[in-house]
1. Could you give me D for segment 284-420, from Stokes-Einstein at 37 °C and 0.692 mPa s, where the hydrodynamic radius is the Kirkwood radius over C-alpha pairs? Units µm² s⁻¹, please.
2. So for segment 222-358, what percent of the C-alpha to C-alpha distances run longer than 18 Å?
3. Could you state the orientation-averaged shadow area of the convex hull built on the Cα atoms of the chain, in nm² to one decimal?
4. Name the residue, out of P152, P103, P210, whose mean-square fluctuation peaks in a Gaussian network model built on the chain with Cα pairs under 10 Å.
5. Where the centre of each part is set by its Cα atoms, how far does segment 205-251 sit from segment 68-137, in angstrom?
6. Hey, if you put +1 on the Cβ of every Lys and Arg and -1 on every Asp and Glu Cβ in the chain, which of H397, A245, S135 ends up farthest toward the positive end of that dipole?
7. Going through segment 84-122, which GluC sites (Glu not before Pro) have at most 15 other Cβ atoms within 10 Å and a DSSP loop state?
8. What residue among Q333, Q37, Q224 shows peak mean-square fluctuation when the chain is described by a Gaussian network model with Cα springs under 10 Å?
Amino acid sequence: MMDVPSSDSPPVAPVVAMVGAGQLARMTHQAAIALGQNLRVLANASDEPAAQVTPNVVIGSHTNLEDLRRVAAGANALTFDHEHVPTELLEKLVAEGVHVVPPPHALVHAQDKLLMRQRLQALDVAVPRYTSIESRDDLAALDAFAGRADAPLVVKAVRGGYDGRGVRMARDLADARDIARDFLADGVAVLVEERVKLRRELSALVARSPFGQGAAWPVVETVQRDGICVQVIAPAPALPEDTAAVAQRLALRLAAELCVVGVLAVELFETVDGVLVVNELAMRPHNSGHWTMDGSRTSQFEQHLRAVLDYPLGDTDAIVPVTVMANVLGATQPPAMTLDERLHHLFARMPDARVHLYGKAERSGRKVGHINFLGADLADVTKLRGRAELAAHWLSHGQWMDGWDPHGKADHDAPEASPARSGEERRT
Ligand code: ADP
């Protein structure tokens, strides 16, 4: 573990402190290395993904002011790999002179879904119709809302949810009431909102620097399963150019209005009528931007560092017509074959897979890595998505969904079977 540098010996390179040491911090560290910067992370434990790879680790909790002070000491900027730091602690740090980016008054819109919805409405931005339930007394308002909403209901924890945890689809009004009661009993206020009729989900990812520069990546489609993102397609296929431009402008406008510094993800619903509705905001590198590590001129991790240090922002163009990102999720029963061995086999079959693993133990549904595939032709998106799914499933489960057998004679995957198979034969 490092000693926190004293303020009389400033480091030559900038130090960015990041609260949290998950995969986002780990990949931000990769970008910091290239830029000659130091990333210092606040980790709960030394085996967390970023703590494994950087020497600049402060062990402590994001809810402890002393620990936050330790990680922030002497840093040029304090930023985040998650949004769970209580606002009042961040405000104390700001009062003590810590450069917190994004600032707490911006971040709160990524922490509190009710505040976010209220602010977006005030800015005239479309959001799903909702009602807030902060105590059991408010439950009475639910019936009236259900009448107005005229749609199935979704019940959400106002704070603390992620990856679909804290989001419950209600069967009917009585179920919505029960779910809301359960949350309230745990001291969690809820939002009840209409279930939007979705064509698909999109994400508009942008970055903003304190200088006021903004940069937008191409709008992507995100594909969820059980509330967890499983694939991202960049750019979103067949998204009309003007709709994409509207989404990018909206995200840049929100970044400016909310005073965001760093990366901002605006998670959007595209309704069956083609209307864009904002679901969520995240003010940090985001899963919908993992494709940028291989598919864009500037990765979201580098851009976040540039933004929080107020450098000029990088070029956000895609370098290929299409990139597909697939998350590797822990299987219910992790396979007997080690992840490293599965990686070997994956590379033997698919030499072009761009793999990013996070050093996490495999647990059911947990994001343990992602894979990017770059495509030379937008028309190949279906094939690329199929390959990404095969690859991610293989890394998760140790099984090829198409029954491919590296040692068999059947030629299931002709275009890549020949080089891959000879690679396998060399190994065995
Ligand atoms: P989290 O904070 O856990 O990411 P989200 O609010 O993003 O929660 O919801 C997770 C997923 O649940 C969304 O990506 C979407 O698939 C679904 N969902 C959430 N809210 C709605 C809604 N109002 N209508 C339809 N689907 C929804």
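1. Working: Rh = 16.1 Å.
Once the numbers are plugged in, D ends up at 204 µm²/s.
2. Details: 5947 of 9316 pairs.
The answer is 64 percent, as a whole percent.
3. Working: hull surface 89.4 nm².
Taking a quarter of the hull surface, the average projection is 22.3 nm².
4. In this elastic network of the chain, the residue with the biggest mean-square fluctuation among P152, P103, P210 is P152.
5. 21
6. Result: H397, furthest along the dipole toward the positive end.
7. Details: sites: E88, E91, E96; in loops: E96.
Those satisfying the criteria are E96.
8. Looking only at Q333, Q37, Q224, the biggest GNM fluctuation is shown by Q333.
Bear in mind that the values in this text are calculations on the coordinates, not laboratory data. This is a predicted model, so every value here is computed, not measured. A quick note on method: Cβ atoms are made from the backbone with ideal geometry, for glycine too, and the neighbour counts reach across all protein chains shown.
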